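The numbers here are math on the coordinates, done by the rules we state, and not lab data. Fair warning: this is a prediction, and the values are worked out from it, not measured in the lab. As a convention, Cβ positions derive from the backbone with ideal geometry for all residues, glycine included, and neighbour counts pool all protein chains shown.
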Amino acid sequence: MASKSTYSDATCELLGAYPAFVDPLNHLPLRLSADGAFWEEPSSRAIYLVQSGITDLRHPRMPREEPQVSRFDRPLPAVAEAHLNWTFHAFGGDETELRSHVIDKLDLKPDSVVLDNGCGTGATTRLLQDRLPQGVLCNGDISMDLLRYAADRIAAKSDGATCRMVWCGANALHLPFADNSFDAVVCLGGFNQFGDAPRAVAEMTRVTRSGGRVVIADEGLAPWLRHTLTGKMVLNDNPLMAHEPPLAHLPEVALEVRLEWLLGHAFYCLDYRVGDAPPAIDVDLHHVGLRGGSMRSRYEAAIFTRTAEDVV
């Protein structure tokens with residue numbers, strides 16, 4: 001798909017139906033142009049271009065790419081892969097085993113529809129593709145350079161693969177997908193740099209169907225190691241290691257929450273299933289004893305007392 005300048009008729013039919021792209025700002029449906037060159041939001045006339053099979057659906061709009069002084073001594077994909085290789089060597093882990101372990105938590109079926117959120121160079125994407133022979137895999141990242149690299153690399157090694165692949169530029173804080181689009185969403189790496197953890201979690205939850213799983217895994221040294229000499233050196237070397245799992249930002253409909261540390265306890269993995277409603281708690285069940293009351297009546301009494309004290 002990524003090797004074509006515009007979408008084929010078959011691909012247009014697929015993308016026009018599923019998964020549903022929406023405007024990342026107002027969540028209204030997009031319409032694919034007849035030639036597959038762009039998506040349009042009819043009411044605002046916003047246009048999202050398709051280049052080499054990748055739709056740029058990033059919001060806010062990125063400035064026009066112009067030649068700039070490079071921040072690195074190599075292209076961005078090479079920098080990203082070099083960092084990954086160094087990390088797995090330094091912390092004593094096998095990259096394929098770790099990624100496969102994280103993917104296992106998604107509870108995938110062969111025909112699942114999955115979002116690889118922040119797919120980067122496509123290291124997780126390649127493994128997901130093998131798990132979804134009849135499925136759809138949507139790969140999004142805020143870096144178009146990394147997306148193009150990942151799409152080209154996977155296309156070159158995907159002879160015989162039957163998983164349907166969709167690529168798009170996407171900001172994890174403004175995902176360009178309709179509610180309940182995916183059976184599972186995985187974000188393996190990059191979450192700590194999204195800039196707004198509560199919103200990022202909310203967006204991944206929004207696009208996941210009830211019963212689906214969300215998995216978030218990224219750098220973060222285990223709390224019990226941070227005070228050690230080694231821990232202090234790790235935190236000094238990479239400030240991202242100071243990030244903690246976004247437990248406090250999970251939605252109230254999060255069920256079956258699991259948390260573990262991987263890769264020398266320097267990489268957290270948090271996952272949950274999206275439920276239809278918060279856990280059922282009977283807040284009106286009366287206590288047995290002299291005090292009596294229920295959780296609701298005791299709470300209301302406590303609020304009344306605090307309010308009265310503030311007035312006085």
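To the nearest Å, what is the center-to-center distance of the range 181-230 and the range 276-312, using C-alpha atoms only?
33
If Lys and Arg each add +1 and Asp and Glu each add -1, what is the summed charge of the other residues whose beta carbon sits under 13 Å from the beta carbon of residue 245?
Within the 13 Å Cβ shell, the charges total -4.
Given Cβ point charges of +1 (Lys, Arg) and -1 (Asp, Glu) and nothing else, what value in debye, to the nearest 20, does the dipole of the chain about its Cα centre take?
160
I'd like the FRET efficiency for residue 134 and residue 52, computed as 1/(1 + (r/R0)^6) with the beta carbon distance as r and R0 of 25 Å, rounded to 0.05.
Calculated value: 0.45.
Using Cα positions and a limit of under 17 Å, work out the aspartates and glutamates in reach of residue 105, with same-chain residues fewer than 8 apart set aside.
95, 97, 116, 130, 183, 218, 256, 260, 271
Putting +1 on Lys and Arg Cβ atoms and -1 on Asp and Glu Cβ atoms, find which of 19, 178, 289 reaches farthest to the positive end of the dipole of the chain.
Farthest towards the positive pole: 289.
If I take R0 = 22 Å and measure r between the Cβ atoms of residue 127 and residue 226 in this structure, what FRET efficiency does the formula 1/(1 + (r/R0)^6) give, to the nearest 0.05?
About 0.10, to the nearest 0.05.
With each run of n ≥ 4 DSSP H residues scored as -39500 (n - 2.57), what mean residue ellipticity at 222 nm is computed for the chain after dividing by its residue count and rounding to the nearest 500 deg cm²/dmol?
-9000 deg cm²/dmol
Hey, can you list the DSSP H helices of the chain whose Cα span along the axis is 20 Å or longer and whose average Kyte-Doolittle score is at least 0.0?
Flagged H segments are 76-90.
What trypsin sites (Lys or Arg not before Pro) does the range 165-232 have in DSSP loop regions with at most 16 other beta carbons within 10 Å?
The qualifying sites are 226.
Between residue 276 and residue 83, with labels modelled 7 Å along Cα→Cβ, what's the label distance in nm to one decimal, could you check?
The two pseudo-label positions are separated by 4.2 nm.
Work from the charge dipole of the chain (Cβ charges, +1 for Lys and Arg, -1 for Asp and Glu, about the Cα centre) and give the residue of 242, 90, 265 farthest towards its positive end.
In the chain, that residue is 242.
Which three semi-axes in whole Å describe the equivalent ellipsoid of the chain, each the square root of 5 times a Cα gyration tensor eigenvalue, listed largest first?
38, 27, 20
Working out 0.36 nm times the residue gap between residue 199 and residue 161, then minus their Cα-Cα distance, what length gain in nm do you get to one decimal?
10.3 nm
Provide the net charge surrounding residue 118, with neighbours chosen by a C-beta distance below 12 Å and charges set as Lys +1, Arg +1, Asp -1, Glu -1.
Once all neighbours under 12 Å are counted, the net charge is -4.
How do 181, 158 rank when sorted from fewest to most other Cβ atoms within 10 Å of their own Cβ?
With the fewest neighbours first, 181, 158 line up as 158, 181.
If we count other beta carbons within 10 Å of each Cβ, what is the order of 49, 108, 76, fewest first?
49, 76, 108
Within the chain, which is the longest segment that contains none of the GluC sites (Glu not before Pro) sitting in a DSSP loop with at most 10 other Cβ atoms within 10 Å?
66-251
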